[in-house]
Amino acid sequence: MTFGSFNNLAKITPAVIALWVKILKQVPDVRLLLKTRPLRDEAVARHLAAAFAAHDIPAARLELRGWLAGSENHLALYRKVDIALDTFPYNGTTTTCEALWMGVPVITLAGRTHAGRVGASLLSRLGLEEYIAANEAAYVEQAVSLAGDRMRRTAL
């Protein structure tokens with residue numbers, strides 16, 4: 001089971017990491033695949049891994065990927081992701097659309113601004129409101145629940 005996010009590194013804030021850590025601790029056998037252009041730099045990747053390590057998430061549970069040449073290679077990487085985790089307070093737009101296009105369900109946290117409601121808007125339009133969290137506790141609960149329900153993921 002692999003969670004993933006291909007959002008811009010600037011959107012992966014300490015608050016986002018802390019919330020993702022809660023998910024990873026509740027589903028101990030899962031991995032987290034993060035892909036963003038700056039991770040091609042080993043120092044940046046080490047820094048991000050250290051941010052997770054500070055929360056007792058070992059580097060072995062992370063797969064950090066940088067830029068890939070060609071959109072086909074980028075989109076193909078979604079085949080390794082079972083559930084996409086959206087960032088907040090600035091949601092993904094292109095990354096959310098790409099994940100959904102590739103058949104990967106997305107968990108999003110609805111914010112109060114346009115940038116924080118893009119995920120909710122996209123998921124609502126597709127009739128996937130159950131994957132829109134109103135608060136951080138619901139975000140964690142939805143991610144953990146979907147991770148434990150292979151049949152529902154397959155149906156999606």
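The values are calculated or read from the model by the stated rules, or taken from the named source; none is laboratory data. Computed from a prediction, not measured in an experiment: that's the story for all the values here. With ideal geometry, Cβ positions are generated from the backbone for all residues, glycine too; neighbour counts draw on all protein chains shown. Only protein heavy atoms, including side chains, enter the accessible area calculation; ligands, DNA and RNA are left aside. Shrake-Rupley method; radii C 1.70, N 1.55, O 1.52, S 1.80 Å.
From the list ALA49, ALA18, ALA45, which one is in contact (Cβ under 8 Å) with a residue 24 or more places away in the chain, of a type in the set (Gly, Ala, Ser) and part of a helix (DSSP H, G or I)?
Selected residue: ALA18, the only one of ALA49, ALA18, ALA45 that is in contact (Cβ under 8 Å) with a residue 24 or more places away in the chain, of a type in the set (Gly, Ala, Ser) and part of a helix (DSSP H, G or I).
Considering only the range 31-57, how many residues are farther than 24 Å from PRO89 by Cβ and touching an Asp or Glu at 6+ places or on another chain (Cβ under 9 Å)?
So the answer is 1.
I need the full set of residues from the range 72-112 which are touching a strand residue (DSSP E or B) at 6+ places or on another chain (Cβ under 9 Å) and of a type in the set (Phe, Trp, Tyr), in order please.
TYR78, PHE88
Mind listing whichever residues of the range 130-156 are exposed (fewer than 12 other Cβ atoms within 10 Å of the Cβ), part of a helix (DSSP H, G or I) and at pLDDT 95 or above?
ALA137
If a residue has to be closer than 13 Å to ALA147 by Cβ and either open to solvent by less than 40 Å² (accessible area, probe 1.4 Å) or touching an Asp or Glu at 6+ places or on another chain (Cβ under 6 Å) (or both) to count, how many in the range 1-22 make the cut?
Qualifying residue count for the region: 5.
Among the residues of the range 23-42, which ones are part of a helix (DSSP H, G or I), in contact with a helix residue (DSSP H, G or I) (Cβ under 7 Å, 6 or more places away or on another chain) and surrounded by fewer than 18 Cβ atoms within 10 Å (Cβ to Cβ)?
Of everything in the range 23-42, those that are part of a helix (DSSP H, G or I), in contact with a helix residue (DSSP H, G or I) (Cβ under 7 Å, 6 or more places away or on another chain) and surrounded by fewer than 18 Cβ atoms within 10 Å (Cβ to Cβ) turn out to be GLN26, PRO38.
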